[in-house]
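Okay, structure first, notes after.
Where a number appears in this text, it was derived from the coordinates with a stated rule and is not lab data. Because the structure is predicted, anything quoted here is derived from the model rather than measured. FYI the Cβ positions are ideal-geometry reconstructions off the backbone, even for glycines, and counts take in every protein chain you see.
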Amino acid sequence: MHQVAKVIEVVGTSPESLEDAIRTAVSRAAQTVENLQWFHVTEIRGALDGESISRFQVMLKIGFGLNDD
């Protein structure tokens, strides 16, 4: 049996942390995509408000298995 996965890219944002931005992206993707299997952070960005970090942003690749219908 061969297994095939598809990969999507999503961006998660959080005012709290990088981890929260990742969890936000994965949680949102899970609402519309089934069988999520892994993620890979490909970019980390953020926004500043003066000297303070106001937002963390991560770009993720998320892999999911294709259903055999």
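Taking (1) in contact with a Lys or Arg (Cβ under 6 Å, 6 or more places away or on another chain); (2) not in a strand (DSSP E or B) in turn, residue 40 satisfies each apart from (2).
Considering segment 1-43, and only residues there that are over 9 Å from residue 58 (Cα atoms) and β-branched (Val, Ile, Thr), the residue that is surrounded by the most Cβ atoms within 10 Å (Cβ to Cβ) turns out to be 24.
Counting just the residues of segment 45-69 that are touching a residue at least 12 places away in the same chain (Cβ under 8 Å) and loosely packed, with under 12 Cβ neighbours inside 10 Å, which one comes out farthest from residue 6 (Cα to Cα)? Among those residues, the one meeting the criterion is 54. Checking the structure you have, find out if any residue of segment 51-64 is β-branched (Val, Ile, Thr) and within 10 Å of the chain's Cα centre (by Cα). Scanning segment 51-64 turns up at least one residue that is β-branched (Val, Ile, Thr) and within 10 Å of the chain's Cα centre (by Cα).
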